[in-house]
Amino acid sequence: MNAERPNPDDVQPFRQELEPSAQRYRRLIEAVTDYMFTVRVENGRPIETIHGANCLAVTGYSPEEFAANPMLWIAMVPEEDRPAVEQQAANILSGQTAPPIEHRIRRKDGVVRWVLNTSVARHDAQGRLVAYDGLLRDVTDRREAEMARQQLNETLERRVADRTVELEAANRTLRQTQFTIDHSQDAVFWIRPDGRLFFVNDMACEMSGYPRHELLRLAVTDLDPDLSSAEWGQLWQRARSRRSLLMQRRCRTKSGDCVPVEVFGGYFEFASDEFMCAFVRDTSERNQIEQRLRAILDTAADAIITIDTRGIIQAVNSATEQMFGYEQNDLIGQNVRILMPSPYREEHDGYIARYVATGETRIICFGREVVGQRKDGSTFPVDLAVSEVKDLGLFTGIIRDLTDRKRLQKQVLDIAVQEQTRIGQDLHDGVGQELTALNYMTQSLLASLPDKSQPAAQLAQKVTDGIKNTQQLLRKIIEGFMPVDVDPEGLRAALEDLVARLNETHSVTISLTCRGATHLKDNATATSLFRIAQESVNNALKHSQGDRIEITLSAIPNSVILEIQDNGVGIDATPREAEGMGLGIMQYRASVIGATLGVAARPEGGTVVRCEFRTASG
């Protein structure tokens, strides 16, 4: 039976009705990012792969490009994902289950995308595999969302773990803090703005004598007998503005006794609450120790002054008031420079600042002679020893008035000079005159002998020569005993005369260099400096083993500096006996006139003696 062919005119209306549906289908297909492919199989081997039109949207490659390159489908899979794709194909070809897999593809434009690869086998009537159909679905957005969610979960888990650790640490710190407060040696009070207590530790109960439940019903004014409600309000406002307070108060115990306490109060805000945390320490024992220490310091004969790192006086004892003429209240809070004349006044703060910054010591940890200044402006010599109280950032100076010692030293020196003068005068008037008379007698005896070749004449000549040599030696001895009067303005001339005389009698070269005009206050100072130079040169001649001695006299603002240096073996190689009386006498002479004297080895060899005398300044 033959079917009649439909009339095209009859079919046309149906085609027109189906056209909008076909267009909608094509649009849906174009919008979908999935595409299908079919792999034809013969004898268990793939012979052809047909890619759907949407492969261009998913992979960037057209069906024609896939047809032209049969291996393109595997080439666009990254190497690390290829084993899974190849295994899926192998499972289908071998009749095994091939579940969907997700893998990456690299599009033609180089962009890497994730796809879901689902393959379904197709068999003929005899059950032979003839093809398998696959669907590639772009799941990049889902994978990225899953990865983002996974990263977010990991981040959240890590943050929760970190927060848990932080909370555990915070709880541990809180427990430790609570334990520390409960077992603190200081009483701890937490106080509200109205003065009521809302927390106390064990020491607060022990100090006040109240059990905790009774103490928490009290206010600050119940414990401080000197504090009224109005004064507490002022105290609270002061703590609020300054954030902390340090006070000396009294605490009234349950028994009615009052104990002296030191209170450190800190103002705090937490959320909307305000409170003060007060640490209270019983100072009864400390006050007793301070009173005993004060009594000891006040009975000390030396002035004792405590200053901070800025040089501000913190405490003085009674001897300080007597020595300098100030009342204690006049000194506390003042810079210690008030007790010094110039130039010490201008230099002092620099010493402290340098020591604090670098640890370099010039006065700190050393004793030295300086000059003090009383309230009336008069000056006097003092011995100053400064030590550091490191834990407190303070310095303590012990000052001893050297006025009487200097007066006694000068008297001793004057007596020694007078005795030397008397010995020199006795030698000159006694032995000198006798030698002069003997010299005349031997010369007369020699003149009375006509034959100078006779033994008697030769003997007389020897006696005459010996007496002359003895006279020269005696003159040198007398020069050492007899003081050289040095005019205050003539120290330079006296040193020039010393150099000239020594150069005549010694093979060592001795030179003098003067820089500036030296104006000294009195003859005693000039004479002491001359004697120091004389003693230094004599020591160098005896012990240095050098061939050159240089004397330098320099005048600089507020100071005169005398230096004697040689090029010998140096002080380290000098015999110990050479450092005995000579150096001691020089130190003694320098201290009498208020000068400083130092002896040191020169880096290039030899020894240098340096004496610095501070002159008066305006």
inquiry  = For segment 322-348, give me each residue that is over 15 Å from VAL382 (Cβ atoms) and surrounded by fewer than 18 Cβ atoms within 10 Å (Cβ to Cβ).
reply    = GLU327, GLN328, ASN329, ASP330, ILE332, GLY333, GLN334, ASN335, SER342, PRO343, GLU346, GLU347
key: Number of the exception - ARG192 against (1) crowded, with 18+ Cβ neighbours inside 10 Å; (2) charged (D, E, K, R); (3) in contact (Cβ under 8 Å) with a residue 60 or more places away in the chain   = (1)
request  = Would you check if there is a residue in segment 224-232 being crowded, with 18+ Cβ neighbours inside 10 Å, in contact with a Gly (Cβ under 8 Å, 6 or more places away or on another chain) and without any contact (Cβ under 8 Å) to a residue 40 or more places away in the chain?
outcome  = yes
query = So which pairs qualify, if the first residue must be in segment 383-395 and more than 17 Å from THR320 (Cβ to Cβ), the second must be hydroxyl-bearing (Ser, Thr, Tyr) and open to solvent by 40 Å² or more (accessible area, probe 1.4 Å), the Cβ gap must be under 9 Å, and the two must be at least 6 apart or on different chains?
reply = GLY393/THR309
message = Test of understanding: among ILE289, ILE312, which residue is hydrophobic (A, V, I, L, M, F, W, C) and within 24 Å of VAL382 (Cα to Cα)?
response = ILE312
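If I ask for residues that are aliphatic (A, V, I, L, M) and under 17 Å from ASP133 (Cα atoms), which ones from segment 59-101 would you list?
From segment 59-101, those aliphatic (A, V, I, L, M) are 67-68, 71-72, 74-77, 84-85, 89-90, 92-93, 98, 101; that's our starting set.
Listed by number, the residues that qualify are ALA67, ILE74, VAL85, ALA89, ALA90, ILE92, LEU93, ALA98, ILE101.
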query = Mind checking which residues of segment 185-218 are under 20 Å from PHE270 (Cβ atoms) and not in a strand (DSSP E or B)?
reply = ARG192, PRO193, ASP194, GLY195, ASN201, LEU216
inquiry  = Can you confirm whether ARG250 is in a strand (DSSP E or B), charged (D, E, K, R), open to solvent by 90 Å² or more (accessible area, probe 1.4 Å) and touching a residue at least 24 places away in the same chain (Cβ under 8 Å)?
reply    = yes
query = Which one of these does GLY466 not meet: (1) modelled with pLDDT under 85; (2) under 30 Å from LEU502 (Cα atoms)?
reply = (1)
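Only one of these is out of contact with any helix residue (DSSP H, G or I) (no Cβ under 6 Å at 6 or more places or on another chain), under 17 Å from ARG40 (Cα atoms) and without any contact (Cβ under 8 Å) to a residue 24 or more places away in the chain: THR97, THR155, THR118. Name it. Let's see the steps before the verdict.
Values: THR97 fails: under 17 Å from ARG40 (Cα atoms); THR155 fails: under 17 Å from ARG40 (Cα atoms).
After applying the criteria, what remains is THR118.
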key: Criterion violated by ARG515 - all others in (1) crowded, with 16+ Cβ neighbours inside 10 Å; (2) more than 12 Å from LEU491 (Cα to Cα); (3) within 46 Å of the chain's Cα centre (by Cα) satisfied   = (1)
ask   = Are any residues in segment 302-321 assigned to a loop (DSSP other than H, G, I, E, B) and either in contact (Cβ under 8 Å) with a residue 60 or more places away in the chain or surrounded by 16 or more Cβ atoms within 10 Å (Cβ to Cβ) (or both), and if so, which ones?
value = ASP302, THR309, GLY311, ASN317
request  = Could you list all residues from segment 525-549 that are without any contact (Cβ under 8 Å) to a residue 40 or more places away in the chain and surrounded by 22 or more Cβ atoms within 10 Å (Cβ to Cβ)?
outcome  = ALA533, VAL537
ask   = If the Cβ limit is 8 Å and pairs must be 6+ apart or interchain, which residue in segment 413-439 that is within 25 Å of ILE467 (Cβ to Cβ) and without any contact (Cβ under 8 Å) to a residue 60 or more places away in the chain pairs with which residue that is of a type in the set (Phe, Trp, Tyr) and open to solvent by 50 Å² or more (accessible area, probe 1.4 Å)?
value = ILE423/PHE481; GLY424/PHE481; LEU427/PHE481
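The values are calculated or read from the model by the stated rules, or taken from the named source; none is laboratory data. These numbers were taken from a predicted model, which means no experiment stands behind them. Neighbour counts run over all protein chains shown; Cβ positions are idealised from the backbone, glycine included. Please note that ligands, DNA and RNA were not included when accessible areas were found on the heavy atoms of the full protein model with its side chains. Shrake-Rupley method; radii C 1.70, N 1.55, O 1.52, S 1.80 Å.
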